[in-house]
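Here's the structure we're looking at; comments come further down.
Nothing in this text is a laboratory measurement; each read-out follows from the coordinates by a stated rule. No experiment lies behind these values; they were computed from the predicted model shown. Methodologically, a virtual Cβ is constructed for each residue, glycine included, from the backbone with ideal geometry; neighbour enumeration extends over all protein chains shown.
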Amino acid sequence: MEYECSRLLPSCLQKSGRKRAVKVMTSQPLKCSVPNDSQDLRSVAQLLLRAAHHHPDSGVRYVTAEAGRDATRQPYPELLRSSLQLLAPLRGHGLRPGDTVALLLDGQREFLTVFWACLLGGFVPCPMVPIPGDPARWSAQLSHVNQLLDRPLLVTTEAMSAELPDVPGLTVATVEHLRDAERASAADGGSSPEVHIAAPEDLALLVLTSGSTGNSKAVMLTHGNLLASMAGKAGKQRLTDADTTFNWISYDHVAALLEAHMLPLYVGAEQLHAEASVVLAEPLNFLRIISRHKVTMTFTPNFLLGPLNASVRELSEEISAGGEALDLGSLRHIVSGGEANVVATGEAFLAHYAPYGLRPSALWPAFGMTETCAGSVYNRAFPVTDVGQEFANLGTPVEGLSIRVADDDHRPLPAGEVGELQLSGPMITGGYYHDEAATKEAFTPDGWFRSGDLGRIDDGRLTLVGRSKDSIIVNGVNYFSHEMEAALEQLDGVAGGYVAAFPTRRPGSDTEQLVIAVHPELADDDEPGLHRLITAVRSTVVIHWGFRPFLILPLPKDAFPKTSLGKTLRQRMRKRLESGGFDDVIQRVAELTTRRLGGHTPPEGETERVLAEIYAEMFDTDPEAISATASFFDLGGTSLDILRLRRQVTRRLGVADLPIITVLMAPSVRQLAARLTGGGTPAAEAYDPIVPLQTGGAKTPLFCVHPGVGEVLVFVNLAKYFVGDRPFYALRARGFNEGEKPFESFQEMVDCYVRAIRAKQPHGPYAIAGYSYGGAVAFEIAKVLEAEGERVDFTGSFNLPPHIKYRMDELDFIETAVNLAFFLDLINKKQSLDLPGELRALPRREQLAHLLGIAPQRRLAELDLDLDKLTAWAELAHGLTSLGRTYQPSGTTRSMTVFYAIPLRGTKEDWLNNELRRWDEHTTEPNRYLDVPGEHYTLMGPQHVATFQAILRRELDRALGDA
């Protein structure tokens, strides 16, 4: 059926007109260029002009992770003035109306300032986000966007510019340079800039679709699209200049720019913006900010409701203990979208927070896409119209928008029947920039936009029931099946062409869950290999995309239905799963996992019971399924999960500052409970350098020596790929724990590690490796073991040459501390280069305090770092550096395997030939040099660890005869 609302739109959107430029004197009141009402709006630029003139007391407030409760404020006239100041410098780069500008800006204030400078000049902004930790993918994406957008000017900061890969033809301008140019112009008495007033049909904004492999499309949104959308949203939401809105979504998401920034600007309302980390690190901050700032309207992806429901007890306990009170009485509505809204979740949210003043009608399930200018269909009657349903309906469209559901031939279907949702109206995109094929595919022959969602319409109200496109929506984020499948096909033991990633949804679940089906290329009776493969699949998904698959299904090839062209029919596999067709496989996998984890041992005592509940919540399972003897990491925990575990242990058991090393050394419920007994704090222990990151498997164990920072967290994700294969032990430096004395000589460190290795494995053959600084230590360990008559069949160096003294001599305390901060992701590459010179004159403690002050607060929490702990860590790393200054390689071991990546300085070829090959001077047999992807600090990072582990494991099997 087709459903159409009345078209009460500004008259200017029904016709085109002549473009004009308006000269604006930034120090004087705006006059003729300012439209009085929405009927006079022609260009998006006029939104800011009108808001600055008619609503000068309203503006934007910014909350940062570092600021906590505080917010800096930028009134609309100040936003206009700051943006106009950048207009002439942008034009100085040759930009003219209609030219594209890519925005790579992580600071909210900087982003909005440059964004509006573009719109005021008639340029077409396109927000971007970086792809950290993977220069190859980031380079491919930048190259693609550079070509797609006709070689746009890329505006970024100096810090982010230093991180950019080398992309031929990419033109970059930094905000700092633009401001310098503006100040120089002002000093020379430069003229006031002219604002470009575009026509409604002109292109205003480009928004990239998801496409991390470099094939993003750019959605075209015209000035007319955006203004029609603003009129429709404002009418539906009934916003006025008396409102205060709140957003925490990053600006590359269309809802953040349009729903939460442009809409309040359209009506002159006050708007509040927080960095995403403020809410993601602590979901209750979403409600605390609403309470503190008397927010009346906000937007959030639907997935946040689940964590908020789970946090209601925590909030109550905090308030009872004298914490900050919560008052949600000002909140009129929360627009919630991004994926299907589960009725039970929404009802529970409204009920849980009703005692804090939340209105029973405050939650508005909604539908929107980039192609529809974000929110375009709203349910203002939830939950009254949704009683007894699993998913909330999405209500009715905004004025001017028509919706219908249609069959495969695009014929409208009657009310209540399920078909593809299709939309038509002035807020709908005209297509994709420079992509005629994608544009043609996105529209029906009669001009309706195809959403890719399956839905039905009852009494004019839309309900979505699934996806027709090959994507999965988890926690409001789209993930493309083909990208996941391509990454997983690279794993050992996975048959190419027989991987399927598709969604499912359990009854009552807050979000879709990911299902991964693979065909293992393993012998039928290879149970250890199958368990390792399942773990590798799970780890790869977590490391790449940040969440766990709900199910991993090892299936025979005939369980993958395919078209005549070989395309896997994922929707058919989903239907079979949800009808019980794979229940036997699910049960076999569960039984296999239990066996490989050593069977099930029920928790005993209150502490073990609570820890089992915490583990179960983190891994989305029943507490009764958690064995007291199963490792946190074998169950699926990653280094990123340690923060959540520490926070839950603090909340549930009252243990503050649970050390990360305690989790590493005691990862099971039983082991951790034992450490937590006796006053609620982990007991101090004698130093043991060996951290058992993975203990399963019958092959020769691998011992990996820490890098120059002394810590072993860098090995956690790598070790997960060795489950069921071979034990993986990491060696951690002495001096981290209270009362531990750091090593006084290089030889003392080597001797200590040899004793620990022999205590764990009395006799060879041995496998020893070291990352960076640890490569030299591994070489010395191998020499000692061989001198003691033992076989060392594998000695590995991860990107380190034998001669390290020259590098150690370059590192004074501040260089070491800054390198530590860079290695820990506390600062960026440019800062790592600039800060030593800036901080060297300060006392050490002030140097480290500065590093903490500029570091992301969430990262500090993940690493459990404060000034005292960072000071101790930096002193320890400096001590290891000092030991390295005394090190001169001598003697020989049998052979080395050297894994080489992009070095810190120079080319990879020079690094290999002039530095790394000097290992040949210290072995009696030929060495092996293996090329691995990534850079020195990223070769085991999220984007490269799956490839690196495969190379490493193959080499271990070859050297040790364990294949």
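In the range 317-400, the alpha-carbon atoms span a convex hull of 116 Å³ per residue. Would you mind getting the Kirkwood hydrodynamic radius of the range 806-885 from its Cα pairs, rounded to one decimal in Å? After inverting the pairwise mean of 1/r, the radius is 12.6 Å.
Since only GLN694, HIS144, GLN761 are under comparison, the one whose Cα sits farthest along the positive direction of the charge dipole of the chain, derived from C-beta charges on Lys, Arg, Asp and Glu, is HIS144.
Stretching ASP446 away from GLU846 to a fully extended chain increases their span by 137.3 nm, per 0.36 nm per residue minus the current alpha-carbon distance. Here GLU915, GLU489, GLU259 are placed in order of increasing Cβ neighbour count within 10 Å, fewest first, which gives GLU489, GLU915, GLU259.
The simple Förster model, with R0 at 41 Å and r as the Cβ-Cβ distance, assigns GLN490 and ALA686 a FRET efficiency of 0.45. Across every pair of non-identical alpha carbons in the range 471-596, the mean reciprocal distance, once inverted, gives a Kirkwood radius of 14.8 Å.
Beta carbons within 10 angstrom, averaged per residue: use that to sort the peptides 322-333, 824-835, 704-715, highest first. All intermediate terms of the calculation are to be shown ahead of the outcome.
Working: 322-333: 15.4, 824-835: 18.3, 704-715: 25.5.
Final packing ranking: 704-715, 824-835, 322-333.
Remark: the chain carries a charge dipole of roughly 1360 debye about the Cα centre, counting +1 on each Lys and Arg Cβ and -1 on each Asp and Glu Cβ. Relative to the longest principal axis of the Cα atoms of the chain, helix 746-760 runs at roughly 90 degrees. Annotation for ALA162 and ARG755: the two label points, set 7 Å from Cα along the Cα-Cβ direction, are 4.2 nm apart.
Straight Cα distances below 12 angstrom link LYS829 to the aspartates and glutamates GLU158, GLU163, with same-chain residues fewer than 8 positions distant left out. Using the Cβ-Cβ distance between ARG644 and ASP825 with R0 set to 22 Å, the FRET efficiency works out to roughly 0.80.
How high is the FRET efficiency between GLU390 and THR677 when r is their beta carbon distance and R₀ equals 45 Å, given to the nearest 0.05? Show your work: numbers first, answer last.
On the way: r = 44 Å, r/R0 = 0.98.
According to the calculation, E is roughly 0.55.
Beyond 26 Å in Cα-Cα separation lie the following of the pairs LYS233/LYS294; LYS760/LYS805; LYS699/LYS720: LYS760/LYS805.
Neighbour counts of C-beta atoms inside 10 Å place TYR937, TYR771 in the sequence TYR937, TYR771, starting with the fewest.
The alpha-carbon positions of the range 395-498 define a convex hull whose volume is 151 Å³ per residue.
Can you list the equivalent-ellipsoid semi-axes of the range 631-775, largest first and in whole Å, using the square root of 5 times each Cα gyration tensor eigenvalue?
Values: eigenvalues 130, 73, 36 Å².
Whole-Å semi-axes of the equivalent ellipsoid: 25, 19, 13.
Take 945-952, 193-200 and order them by the average number of nearby Cβ atoms within 10 Å per residue, most first; the result is 193-200, 945-952. Dimensions of the range 12-452 based on its C-alpha atoms, expressed as ranges along the principal axes with the largest first, amount to 65, 61, 49 Å. Highest mean first, the peptides 99-109, 174-184, 362-372 sorted by other C-beta atoms within 10 Å per residue fall in the order 362-372, 99-109, 174-184.
Dipole magnitude for the range 806-885: about 100 debye, using +1 per Lys or Arg Cβ and -1 per Asp or Glu Cβ, origin at the Cα centre. Helical runs assigned H by DSSP (4 residues or longer) give the chain a calculated mean residue ellipticity at 222 nm of -11000 deg cm²/dmol, each run adding -39500 (n - 2.57) before division by the residue total. Give me the angle, in degrees from 0 to 90, between the Cα long axis of helix 773-787 and the longest principal axis of the Cα atoms of the chain, rounded to the nearest 10. Roughly 20 degrees between the two axes. Stretching ALA787 away from LEU833 to a fully extended chain increases their span by 12.4 nm, per 0.36 nm per residue minus the current alpha-carbon distance.
Computed over the range 813-956, the P(r) curve from all C-alpha pair distances, binned at 10 Å from the origin, holds 10, 29, 33, 22, 6, 0 percent per bin.
Counting only alpha carbon atoms, the long axis of helix 45-54 and the longest principal axis of the chain meet at about 70°.
Rounded to the nearest angstrom and ordered from largest down, what semi-axes does the equivalent ellipsoid of the chain get from its C-alpha gyration tensor (root of 5λ)?
Details: eigenvalues 483, 233, 154 Å².
Equivalent-ellipsoid dimensions as semi-axes: 49, 34, 28 Å.
Considering every Cα-Cα pair within the range 596-673, what fraction, in whole percent, is farther apart than 21 Å? Could you put the intermediate results ahead of the total?
Values: 430 of 3003 pairs.
Percent of Cα pairs beyond 21 Å in the range 596-673: 14.
Residue exposure proxy: GLU417, GLU921, GLU608, GLU935, ordered by other Cβ atoms within 10 angstrom of their Cβ from fewest to most, comes out as GLU921, GLU417, GLU935, GLU608.
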